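Below: the structure, in structure tokens.
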């Protein structure tokens, strides 16, 4: 039996419960790719690979590792893995129960399988495709194949092309539940969302100097919102912050926040947050006001907690806040906003909201930040006499990448650049209606077209 087990705070492995050893091929995948990812990502990927290992065993009567070693790591086994992907898809949608070898199962219908299950199975399928892709890169090489290098390269490309076709087959079933997360709040939506995080200006304290639990939660939630939306922190990064994460310079004219993993093993949480990539370790300058707010709040944390974490529960032991606890703060606020400002959730509007998630606040920060950086770089380029729109945008995107902790390979900063360019293109397109040539379209509307509430249109 195979099990996905957490080895330590940074690594997960697929283990054979009989030998208590990691499966060979999955271990190579972990070493080359997965162990540089977050623990949660490793667990999800290895769970999918575990399902494929089990499917291979039922089909071939031997383990995937044994098949690969028996074939001397040839491309033959890799091709067999690709050929079995269609059957693996049916296996997933049949509750991971393999049909008899002489029985052909009909393709599962979206009407028979719940949408959420289909999306989950598509995620498993594409995880296995990534696993096979890594194996192809490792083993279709001159080290394992005794052919001329150019022939080996051609073989590798052909196998990857075949895998690419398989990867595209079930892309339409991939989940879109996080699609709304890639939206960002506009200025009015953001203003109203901030308003559902009120804080008392002069709260009462008891004899020990402690504020009430409700006031403590209000300040904690407000500070969480500030750091997610003002500095673009991922929620896991925010949960790593401690009092010692905030430091001034020697002259105390600038203030900094250290976003990094904890190395002292003092985190008592069973699911410990961690930095996503090496690029995510960073030192961010923060405002003096934010620094003072954190220092003031930490004086309250120290009165109720044995730990130095910024975000804790308000219970007696004040344990460090969990990922689910932090996420619930934002989701609950989203629900309050829906009641207080229902017009932001009106589906008849193009920029309506479905819900607000923690990561959506990071997207909001990124878009506002890119606009600000672009304007600053434009002014600097003009002053230097070198106005190059592409150069300005590239510089702005690189700056955003550094602030947001994205890796060099991440396409997210460029995604925001495309959104910004599209917005400016639309603004320029609409400005043409103010020019003389297009004023011919300015006619008086007939009565039957005046039923629309003109007061609701932003002129």
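Observations on the structure shown:
- Of all residues in the stretch 405-416, those being closer than 13 Å to residue 369 by Cβ and either surrounded by fewer than 17 Cβ atoms within 10 Å (Cβ to Cβ) or out of contact with any helix residue (DSSP H, G or I) (no Cβ under 6 Å at 6 or more places or on another chain) (or both) number 1.
- Restricting attention to the stretch 390-414, the residues being under 21 Å from residue 284 (Cβ atoms) and within 20 Å of the chain's Cα centre (by Cα) number 15.
Results for (1) over 18 Å from the mean Cα position of the chain (by Cα); (2) crowded, with 18+ Cβ neighbours inside 10 Å; (3) at pLDDT 90 or above, shown as yes or no for each residue.
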site	(1), (2), (3)
325	no, no, yes
328	no, no, yes
333	yes, yes, yes
338	yes, no, yes
344	yes, yes, yes
348	yes, no, no
359	no, no, no
370	yes, yes, no
373	yes, yes, no
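- Filter pass, residue 268 being in contact with a helix residue (DSSP H, G or I) (Cβ under 9 Å, 6 or more places away or on another chain) and either without any contact (Cβ under 8 Å) to a residue 12 or more places away in the chain or assigned by TED's automatic domain parsing to the domain that holds residue 318 (or both): no
- Being buried (at least 16 other Cβ atoms within 10 Å of the Cβ), closer than 20 Å to residue 313 by Cβ and assigned by TED's automatic domain parsing to the domain that holds residue 305 is true of residue 223.
- Which listed residue, of 217, 242, 191, is modelled with pLDDT of 90 or more and touching a strand residue (DSSP E or B) at 6+ places or on another chain (Cβ under 6 Å): 242
- Applying the condition of being surrounded by 12 or more Cβ atoms within 10 Å (Cβ to Cβ) and over 25 Å from residue 34 (Cβ atoms) to the stretch 155-172 and asking which residue is modelled with the lowest pLDDT yields 155.
- Tally, over the stretch 211-245, of residues that are closer than 21 Å to residue 364 by Cα and in a helix (DSSP H, G or I): 16
The values are calculated or read from the model by the stated rules, or taken from the named source; none is laboratory data. Computed from a prediction, not measured in an experiment: that's the story for all the values here. Ideal geometry is used to build each Cβ from the backbone, glycine not excepted, and the neighbour counts take in all protein chains shown.
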